[in-house]
Amino acid sequence: MAIGMIIENPDLNKEGFERVQAHLRETGPVPPEEARLVVGGATDTGWRMITVWDSEDALERFVGERLMPAYRQADVRSDRVKRTTFEVYALSAGDLTGVPLPA
């Protein structure tokens, strides 16, 4: 069953996010092969990511093997990260081809 996760990190900002992403690109594909959706951005309380994964095992493997090492490498705190997981019953997205991607 597909699993969704919401990560809220009050200690992450755009610069820290970019350092984490740089490390992730060095260690494998971004998005990871078993991730079906990855959306993230700044909020008034830090940074929020919403992801959908093929399975809970795939999610936990990514977090343990790639994400937490990327946080450490990027010198980003993870002790106050709030993770919420949920079973995914539906996933749909509109056509994003006209939306400009960040540089």
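Every number here is computed from the coordinates shown, using simple stated rules; none is lab data. Treat the numbers as computed from the prediction; the structure is a model and nothing was measured. Methodologically, a virtual Cβ is constructed for each residue, glycine included, from the backbone with ideal geometry; neighbour enumeration extends over all protein chains shown.
Charging the Cβ of each Asp and Glu at -1 and of each Lys and Arg at +1, and nothing else, the dipole of region 3-87 about its Cα centre rounds to 260 debye. Taking every alpha-carbon pair under 8 Å whose residues sit at least 6 apart, region 8-103 reaches a relative contact order of 36 percent.
Each pair of Cα atoms in the chain enters the Kirkwood radius, and Stokes-Einstein at 10 °C and 1.306 mPa s then converts it into a translational diffusion coefficient of 111 µm²/s. Under the combined filter of DSSP loop state and at most 16 neighbouring Cβ atoms within 10 Å, the chain retains these chymotrypsin sites (Phe, Trp or Tyr not before Pro): Tyr89. Considering only Leu67, Pro29, Thr85, and ranking their Cα positions along the charge dipole of the chain that arises from unit charges at the beta-carbon of Lys, Arg, Asp and Glu, the one farthest toward the positive end is Leu67. Legend: ranking of residues Met49, Met68, Met1 from fewest to most surrounding C-beta atoms inside 10 Å; resulting order Met1, Met68, Met49. Per-residue ellipticity at 222 nm from helix content only, as computed over the chain with -39500 (n - 2.57) for each DSSP H run of at least four residues, stands at -7500 deg cm²/dmol.
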